[in-house]
Structures are given as structure tokens and as C-alpha cells.
Amino acid sequence: MTLSSPLLLVAGLIVTAALVWAAVVLGRRRTAALAAAGVALPGGRRASLGTGLTIAGVGVLAVAAAGPVAMLPVPRTAGTVILAMDVSSSMGADDVAPNRLAAAQRAARAFIEAQPDSVDIGVVAFEQGARTTARPDADHTAALKAVDRLRITGGTSLASGIMSSLAAITGKPAPPDAGGDVPDLGYWPSATIVMFTDGQNRRGDIERAAETAQKAGVHIHTVGVGTTAGATVKVDGLRLHTALEEDVLTGIAETTGGAYHPVSDAARLGGIADTIDLRVTVSDEPLPLAGGLIGLALALLTAGAVFTVLRSGRVI
């Protein structure tokens, strides 16, 4: 238990101690005076119980005034979620109405709004490269605005999307996404990446990026936006066919301990928030005790006053 104002507790305990001393001294003097006069003290020890209860109430008030706070372990859904949003040219395909990016944005907004403020949410937009458009934060307003600002551009690198998402989680620069050993980023088991993409990939080492996330304890849930039948998009004046790459997205999810969510229409995308398995952690939460102590003090003071009046006919 901690105290927000320990000096008030000291002052209150001094007052309480003074009241105890005064009650004892005055009680002895009164008893001696009545005994000398041959008069018995009305109520005897029972009468002193009221005074004791009153002083106890003052003592409890002193503790309440100090602002005691207890730390209680509370289970909560917590952690960091990075929404990795594919903004490559293929996301302009209209096999999911009105197009893949718009459907992914709608689903991402629904996901953000479904999360408690104990979850820090950030947004990473990726195409050939990647950039953090909203850093992880318990205030989800920035994440919602970042999702709304997304625009289609460039090619696709799923590896860059994963590496930049890991950088947003760790707060460190993203390691290169190709070549060399799998980098050690530490262990981040309370972090999750939710990747909205059609799985079309043109650059980077996807397997190495997924293994980097797996080593860091970060689960990646992939959300396939589009259909396996695909659609045609115009890129740099050329018409190209693009289809959902389920095998790629399933491989990323399985490597990292996440799950692949096949989605072919906006209605099903809106329910993706219910399928993401965030970690439940236990953290210490402050519980103010002043209110309960004040209630106890008032009960003691009331009982003391009532008991004194009933037993001795006096308030003090």
C-alpha cells in the first residue's frame, strides 16, 4: 500500500494519539473525583466504549486523509498491435468492393474501434518500402486517422512491411530485410502484427522476415484481402491481373504462430476483430482506499456517539 500524502497521516495520528491521551487522563481524573465523592461512574467501562469508538473513527479518518492506494493484480487484454497495411498498386483491384484498400481500411477501423485502451495500436503502410504512419499508442485516434490517409502507390514488399512493423514495436531501426542471419530484436510476446494484404509480393526475403518475427515472439495474423479469382488493375498504363496469394499469407502466419484469415468481402472483414487472439496479461492496478475508509470512519464515529449517549446519557 502507498500513501499520496504521508504527512497528513502523521498529523492525523498525532491528533489521534492526543485524543487517546486526553481520554485516558480525563477519565482517570473523573473516576478519582467521583470515587472521592462516593459516586460510582455511570456505565463504567461500557461508557468508555463510546469514546473508544469515536477516537478509532478519527484514526481511520487520518489514514483516509493520507490517500492510501493498494496495488491489485488485474488481468487485462494488453500489448501492442501494429496494423501493417498494404498500399501497393494491386490493392486497387475491385474484386472486393469498392476496392481492396478501401475494404481493408474499413476492416482496420472496425478492428481499432473494438480494442480497449489497454492495447497500444500503431499503423505501418507498406509497398516497395514501408513507413510508420502512427506510432503505437493507447489513444487510438492517431491510428484511425493514419488508416484514413492511406493511398495506393508502388509495388509490394511483404518483408519490408514485417520488418518495419517490428521496428515500430521495438522502437529500433528496421534491420535489412534480405541477406544475413536472422537478427535478434529481443523478445516481445505481448506484441501482434495484423497484416492486411493481398499477398502479392515482388521484393524482399519473406521467410527471413517471418523468422525474425518468430524469434522475437511476435505473432503475425494475415488478413487476405481479395479473391483467388482476382481482378485486373492498371499500373503505369498496363493492365495486370492480380489475385490473392493465400499460400504466402498462410506461410507467414504459421511461421510466427499467428493465423491466416481468408476474407473475400467487406462484411466478413468487419468481423476480423473478433478473431485476433491478443495476450491476456496481469498488471498491478491502483485501487484508492480512501472512500472505503471514510465510510468505516463515519460508521465508527456514529456508533461511538450513539453508544456514549445510550450508556452514559452524554455525547462526550
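The values are calculated or read from the model by the stated rules, or taken from the named source; none is laboratory data. All figures in this text were calculated on a predicted structure; none of them were measured in a lab. Cβ placement follows ideal geometry from the backbone for every residue including glycine, while neighbour counts extend to all protein chains displayed.
Looking at the range 128-142, which of the residues that are among the hydrophobic types (A, V, I, L, M, F, W, C) and in contact with a Lys or Arg (Cβ under 9 Å, 6 or more places away or on another chain) is surrounded by the most Cβ atoms within 10 Å (Cβ to Cβ)?
Across the range 128-142, the extreme among qualifying residues is Ala134.
From the list Val225, Val194, which one is surrounded by 17 or more Cβ atoms within 10 Å (Cβ to Cβ), of a type in the set (A, V, I, L, M) and touching a His at 6+ places or on another chain (Cβ under 6 Å)?
From the options Val225, Val194, the qualifying one is Val194.
Do we have any residue at all in the range 65-78 that's at positive phi and in contact with a helix residue (DSSP H, G or I) (Cβ under 7 Å, 6 or more places away or on another chain)?
Looking through the range 65-78, at least one residue is at positive phi and in contact with a helix residue (DSSP H, G or I) (Cβ under 7 Å, 6 or more places away or on another chain).
Do we have Ala210 as farther than 20 Å from Thr80 by Cα and among the aliphatic types (A, V, I, L, M) here?
For Ala210, the condition - farther than 20 Å from Thr80 by Cα and among the aliphatic types (A, V, I, L, M) - is not met.
If you check Ala209, Ala213, Ala159, which single one turns out to be over 30 Å from Leu240 (Cα atoms), crowded, with 21+ Cβ neighbours inside 10 Å and hydrophobic (A, V, I, L, M, F, W, C)?
The conditions single out Ala213.
Which residue, of Ala66, Ala84, is modelled with pLDDT of 80 or more, in contact with a strand residue (DSSP E or B) (Cβ under 6 Å, 6 or more places away or on another chain) and under 30 Å from Leu150 (Cα atoms)?
Exactly one of Ala66, Ala84 is modelled with pLDDT of 80 or more, in contact with a strand residue (DSSP E or B) (Cβ under 6 Å, 6 or more places away or on another chain) and under 30 Å from Leu150 (Cα atoms), namely Ala84.
Looking only at strands (runs of 3 or more DSSP E) that lie completely in the range 66-177, which have at least 1 residues being closer than 30 Å to Leu3 by Cβ, touching a Pro at 6+ places or on another chain (Cβ under 9 Å) and among the hydrophobic types (A, V, I, L, M, F, W, C)?
Where strands (runs of 3 or more DSSP E) fall fully within the range 66-177 and carry at least 1 residues being closer than 30 Å to Leu3 by Cβ, touching a Pro at 6+ places or on another chain (Cβ under 9 Å) and among the hydrophobic types (A, V, I, L, M, F, W, C), they are 68-77.
Would you please list the contacts, defined by Cβ atoms under 7 Å and residues six or more apart or on different chains, that run from a residue in the range 79-103 that is under 10 Å from Thr153 (Cα atoms) to a residue that is of a type in the set (Asp, Glu)?
Asp86/Asp198; Val87/Glu127; Ser88/Glu127; Ser90/Asp198; Met91/Asp198
I'd like to know if the range 52-59 contains one or more residues that are part of a strand (DSSP E or B), touching a helix residue (DSSP H, G or I) at 6+ places or on another chain (Cβ under 8 Å) and at pLDDT 80 or above.
no
Just checking, which of Pro42, Pro98 is over 30 Å from Ile169 (Cβ atoms), surrounded by fewer than 17 Cβ atoms within 10 Å (Cβ to Cβ) and modelled with pLDDT of 80 or more?
Checking each option against the conditions leaves just Pro98.
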